[in-house]
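The values are calculated or read from the model by the stated rules, or taken from the named source; none is laboratory data. Worth saying up front: this structure is predicted, and the values here are computed from it rather than measured. Cβ placement follows ideal geometry from the backbone for every residue including glycine, while neighbour counts extend to all protein chains displayed.
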Amino acid sequence: MCILIPVFTFFVIIRVFPILATLLLSFFDWGLVNPTRPFIGFKNYIDLFNDPLFVIALRNTGVLAFLSVIVTIAIAFGLALILNRRKAKFADIYKLIYFVPFVISWVPVSVIWKWIYDPTYGILNYVVSLVGISRQGWLVNPKLSLYSIIILIIWRSAGFNIILFSVGLKNIPSEYLEAGRIDGAGDISLFRHITLPLLKPIILYIFIMTSIINFSIFSPVFIMTTGPQGAQGNAVRVLVYDIYENAFRYLHMGYAAAESTILLILVIFLTLIAFKLIKQEA
Amino acid sequence: MTTKARRMVAISRESFIQIFLIIIAIFFIFPFVWMTCTALKPATEVLSWPPIIFPKRPIIANFLDVFKVAPFGRYYLNSIFVSGVSTLSILITSSLAGYIFAKIKFFGRDMMFYIILATAILPMQAYLVLFYMVVSKMGGIDTYWGLILPYMVMSFGIFLLRQNIYSIPDELIDAARIDGASELVIYIRVILPLSKSALSALAIYAFTTVWGELIWPLVVVSTKDKFTTELGLAAFQQRFIVQYGPLSAAAVICVIPALVVFILFNKQIIQGLTLTGLKG
C-alpha cells in the first residue's frame, strides 16, 4: 500500500497541480518575462471574449468538433452495417484497410494531405477536374480550409469507428433479428426498431468521446497552416492553437491559462452531458 | 421471380457492394500510395500536369536529401525511447495503483480514486501551459526526462487496470496470503499474469498515444538531437515547404515502420485500441 504514496504524489505533481494552477493563473496578468505579475480578477476572461482571434478559435473548434464527429459517425455506421451484413465477403480485409490511417500519427498524414490539397499541383484538383470542377485552393481558400481539415479528420478516424460499431453490431443477439424477421419485418424496420435502439449507447459514447478529442485538436492545424500553400492561420484557428500562440509566442501565460480554463470547462461540460445521457439509457 | 432470376439479382447486388467497398478502400489507401510514388519521383515528374501516379524513372535521391539535413534515425531512437519508457512507467504505475484501488481498503481510497478518474477526461493540451511552467521550474526544458515526465502516469490506465483486477476473485489473493506471500509477490505472481490482456491493450494504446504527441515535444525540446519523429517531420516540413519530393520521402520514412508493425500485429493492435476505446 505504501507504494501508492509515490504514485499518487507523482500524480498530484503532474496532473492535479497543473490543472488547479491553470485555474489560479488565469486570474493573474502573468507574462513569462514580466517583472510584476499582478492579480487582475476576471480581466483575462473579459479580454478573451473581446478578442476576435479567440472568438474565431472558439467557433472553428465547435464547427470542427461537431461536424467531423457527425459525419464520421454517419459514414462509419453505414460502412459497419454493410461490412456486418449476413454472409459478408472479405469483410475483415476491408476493415483492416479502412483502419490503416488511424494507426499513422497526425504529422505524417497531415503532410501527405497537404500535398494532396496543393492549390496548383495537388492530385485532388486533378480528380475534381475530371468531373468538371475547376481548381480549388483547398487549404489556401479560407472558405474551404476548415472543411478540408475536417475531411482529413474523418478520413483518419472512420476506420476506428467502423470497428467500434462492428463490436456493437456483433453484440446484438441474433435471436432478436430472427424473431423480427419471422414477424415479417423488413430490413429497414429491423434497423429502426432493433439495431438502432440497441446501438444508441455506443453512438452516444462515440459522439461525446470524439467531440472531446476534437476539441483539443492541434497537430493537423499546426502542419496545415505553414507555408504559402497552407491555410491562413485565422481560417482554421482552433483553441489549442490559439493557446499555443498566446503562451509560447507572445508569452502571455495568464491569458493562455484563462483560455485553457475555458477549454477545461467545455470538456467537463461535455463529459457531464455524456454521463447524464448514458445514465438515462441505462 | 424464378430462383435463377433471384440469384442473378443477388449476385449483381453483391458485386455492386464489392465495387463500392473497393472504391472506399482506395480512398483510405491512396494517400499512402501517392506519398510513396511522389517520394520516388524526380522534381520534374512531381510537378507534372496532368499528374502521373507511378514514377517513370524511380529515384532514391529524395531519401538521400532527407537524411542529409534531418537525422531521422536519431529521431526514431528518440521516439522509441520516449514512448517505450513512458509505456513501461504507465504499465507499472497503472497495475500497482489498480491493484491497490481494487483490492486493498484504506481510509480515503475512494476519494483518491475519484480524483484520478476526474483527471482522466481532461486532455493534456488544456493544462499544457502550467505543465510547461512546472517542468521549467524543475529544470526539465530541453531534456529527455522533461519530455517523458507528463506521460509517466495515465489516469485512464489506472481506471482500466482497476476494473480488470476488480474481477480477480478475492479467494485467489487470500489463498496466496495464507501461503505466506507478501503483497509484492502477490502482485507479481497473481495480479500481473491475470491482467495480461488489459496490460497489452494498455501498452499498445499508451505507446501509440505518446508516439503521436506533437505539442509537448514542440514546446519542451529545442535541440535537434532530442527531436521525436513527429517533431522532426514537423520541423522538416517547415523547411522544405513546397519541395514535395523530399517532403514525401520524409513522410514515407515516418510512416513505413508504423505500417510494418501494423501489418504484423494488426489483430492485437485493433483489439487493444478498441478495448481501450470502448472502456474509456
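Being more than 17 Å from A:Val71 (Cβ to Cβ) and either surrounded by 13 or more Cβ atoms within 10 Å (Cβ to Cβ) or aliphatic (A, V, I, L, M) (or both) is a property that does not hold for A:Arg192.
In the range B:44-53, the condition of being surrounded by 15 or more Cβ atoms within 10 Å (Cβ to Cβ), of a type outside the set (A, V, I, L, M, F, W, C), more than 18 Å from A:Lys95 (Cα to Cα) and at the interface with chain A (Cβ under 10 Å from one of its Cβ atoms) is met by at least one residue. Those helices (runs of 4 or more DSSP H) of the range B:183-237 in which 3 or more residues are under 17 Å from the mean Cα position of the chain (by Cα) and more than 10 Å from chain A (Cβ to nearest Cβ) occupy B:196-211. Can you tell me how many residues within the range B:37-96 are in a loop (DSSP other than H, G, I, E, B) and touching an Asp or Glu at 6+ places or on another chain (Cβ under 7 Å)? Residues meeting the conditions: 3. Taking the residues in the range B:142-172 that are more than 14 Å from chain A (Cβ to nearest Cβ) and over 23 Å from the mean Cα position of the chain (by Cα) as candidates, determine which candidate is surrounded by the most Cβ atoms within 10 Å (Cβ to Cβ). Ranking the candidates gives B:Ile168 first.
When each of B:Ile116, B:Ile100, B:Ile104 is tested for being within 10 Å of chain A (Cβ to nearest Cβ) and closer than 11 Å to B:Met154 by Cα, the lone residue that passes is B:Ile116.
If the condition is being under 17 Å from B:Pro150 (Cβ atoms) and among the hydrophobic types (A, V, I, L, M, F, W, C), then the range A:1-16 contributes A:Val7, A:Phe8, A:Phe10, A:Phe11, A:Val12, A:Ile13, A:Ile14, A:Val16.
The residue that is nearest to the chain's Cα centre (by Cα), among those in the range A:1-12 that are more than 7 Å from chain B (Cβ to nearest Cβ) and modelled with pLDDT of 85 or more, is A:Val12. Screening A:Ala185 on (1) touching a residue at least 12 places away in the same chain (Cβ under 8 Å); (2) surrounded by 15 or more Cβ atoms within 10 Å (Cβ to Cβ); (3) not aromatic (Phe, Trp, Tyr) shows it passes everything except condition (1).
Number of residues in the range A:83-103 that are in contact with a Phe, Trp or Tyr (Cβ under 8 Å, 6 or more places away or on another chain) and facing another protein chain (nearest Cβ under 7 Å): the value is 6. Scanning the range B:132-161 for residues that are assigned to a loop (DSSP other than H, G, I, E, B) and among the β-branched types (Val, Ile, Thr) yields B:Ile141, B:Thr143, B:Val153. Looking at the range A:58-169, the helices (runs of 4 or more DSSP H) lying wholly inside it that each contain 2 or more residues that are more than 29 Å from A:Ile262 (Cβ to Cβ) and touching a Ser or Thr at 6+ places or on another chain (Cβ under 8 Å) sit at A:91-103, A:106-116. Select from the range A:195-233 the residues that are more than 8 Å from every other protein chain (Cβ to nearest Cβ), among the polar types (S, T, N, Q) and under 23 Å from A:Leu67 (Cα atoms) and write down the one among them that is surrounded by the fewest Cβ atoms within 10 Å (Cβ to Cβ). The residue in question is A:Gln232. Take B:Leu194 and tell me if it is in the same structural domain as B:Met124 (by TED's automatic domain parsing) and either surrounded by 19 or more Cβ atoms within 10 Å (Cβ to Cβ) or touching a helix residue (DSSP H, G or I) at 6+ places or on another chain (Cβ under 7 Å) (or both). Against the criterion (in the same structural domain as B:Met124 (by TED's automatic domain parsing) and either surrounded by 19 or more Cβ atoms within 10 Å (Cβ to Cβ) or touching a helix residue (DSSP H, G or I) at 6+ places or on another chain (Cβ under 7 Å) (or both)), B:Leu194 does not qualify. In this entry, B:Pro58 passes the filter for residues that are within 18 Å of B:Leu247 (Cβ to Cβ) and more than 12 Å from chain A (Cβ to nearest Cβ).
Filtering the range A:168-181 for residues that are of a type in the set (S, T, N, Q) and more than 30 Å from B:Thr228 (Cβ to Cβ) leaves a non-empty set.
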